[in-house]
1. Determine if segment 209-231 includes at least one residue that is at pLDDT 95 or above, farther than 29 Å from ASP19 by Cα and buried (at least 19 other Cβ atoms within 10 Å of the Cβ).
2. Can you tell me which residue is nearest to the chain's Cα centre (by Cα) among those in segment 107-119 that are under 30 Å from THR4 (Cβ atoms) and modelled with pLDDT of 95 or more?
3. For residues in segment 150-162 being without any contact (Cβ under 8 Å) to a residue 60 or more places away in the chain and over 20 Å from LEU196 (Cβ atoms), which is surrounded by the most Cβ atoms within 10 Å (Cβ to Cβ)?
4. Is there any pair with a first residue in segment 15-32 that is farther than 15 Å from MET91 by Cβ and a second that is outside any loop (DSSP other than H, G, I, E, B) and among the acidic types (Asp, Glu) whose Cβ atoms are under 8 Å apart and which are 6 or more apart or on different chains, and what are they?
5. Which residues, counting only those in segment 47-66, are crowded, with 17+ Cβ neighbours inside 10 Å and within 18 Å of ARG7 (Cβ to Cβ)?
6. Tell me whether segment 176-195 contains one or more residues that are assigned by TED's automatic domain parsing to the domain that holds LEU142, of a type in the set (Phe, Trp, Tyr) and farther than 12 Å from ILE113 by Cα.
7. Quick one: GLU32 ticks every box in (1) crowded, with 17+ Cβ neighbours inside 10 Å; (2) under 20 Å from PRO64 (Cα atoms); (3) of a type outside the set (Ser, Thr, Tyr) except a single one, so which number is it?
8. Based on what the data block shows, is ILE121 surrounded by 23 or more Cβ atoms within 10 Å (Cβ to Cβ), in the same structural domain as TYR208 (by TED's automatic domain parsing) and more than 20 Å from PHE216 (Cα to Cα)?
Amino acid sequence: MIVTEYRARLKDKQCLSGDTTAFYFERPPGFEFNAGQYVDITLINPPLTDPDGNIRSFSIASSPLEDHLLIVTQVRDSAFKRALQNLPCGMEVEVEGPFGSFVLHARPEKPAIFLAGGIGIAPFCSMILSAVSKALPYQLYLFYSSPRPEAMAFLGALQELEKKTLNFRFIPTMTEMGQSHRLWTGETGFICSEMLSRYLPRLLGPIYYLAGPPRFVAGMLKVLKHAGVDDNDVRCEEFVGY
């Protein structure tokens, strides 16, 4: 796929949970991508800057079938994140891409198991929405780890999608329910081989996709290795600096 530069106008922004914000950009004419890929976004003449510059990489969370580009990020105390958070609707950014090969495998007879930590949910939203919209015959399982329900982006939307989709199973798990004010009757604790075994017909054979902070990805790699999963059946994407 050809990589080129585009301009995209901010349509809307929405606080999803805690410090996580979704930014909806108009999809530039001619911009094509595969579910799971990412783009580089450059702020144009921002009022704030820092030594890391005005450009950051973001996974696209929207489906290739939608008319907007959705990125999701945790707003931290950096010049770029503050400038992005304060970007008025209607303003443009530069978009370069798409990049990456973190995309759904080509053999739908092999189930896709998504293991997401925090903001690592972004590329999986794109992959799952794309597969569901196209009625692709994959068995899809999403294990999504978050400290508590209040901090989990897209929790309600994913629960609703599961209700409407026969081949999609959503397993959210909370690791710090002691700090939550909400009732939670679902899974708790970190994703482990025992949790995977409760929901998957078999641990060996599917393709596993891991996305999240480096520590999360490293932990999931250990879980899969201990379970005997072949390295060739594992795909990883680390999210650094979020």
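1. Checked against the condition, which is being at pLDDT 95 or above, farther than 29 Å from ASP19 by Cα and buried (at least 19 other Cβ atoms within 10 Å of the Cβ), segment 209-231 yields at least one hit.
2. To start, the set of residues in segment 107-119 that are under 30 Å from THR4 (Cβ atoms) comprises 112, 114, 116, 119.
Going one step further and asking which of them are modelled with pLDDT of 95 or more, we end up with 112, 114, 116.
Values: ALA112: 15, PHE114: 10, ALA116: 7 Å.
The qualifying residue nearest to the chain's Cα centre (by Cα) is ALA116.
3. We begin by selecting, within segment 150-162, every residue without any contact (Cβ under 8 Å) to a residue 60 or more places away in the chain; these are 156-162.
Filter again for over 20 Å from LEU196 (Cβ atoms), leaving 156-157, 160-161.
Details: GLY156: 9, ALA157: 12, GLU160: 12, LEU161: 18.
Restricting to residues being without any contact (Cβ under 8 Å) to a residue 60 or more places away in the chain and over 20 Å from LEU196 (Cβ atoms), the top hit is LEU161.
4. As it stands, the answer is SER17/GLU150; GLY18/GLU150, since those pairs meet every condition given.
5. Listed by number, the residues that qualify are ASN54, ARG56, PHE58, ILE60, SER62.
6. yes
7. (1)
8. For ILE121, the condition - surrounded by 23 or more Cβ atoms within 10 Å (Cβ to Cβ), in the same structural domain as TYR208 (by TED's automatic domain parsing) and more than 20 Å from PHE216 (Cα to Cα) - is not met.
The values are calculated or read from the model by the stated rules, or taken from the named source; none is laboratory data. Because the structure is a prediction, the values reported are computed rather than measured. Note: ideal-geometry Cβ built from the backbone for every residue, glycine included; neighbour counts use all protein chains shown.
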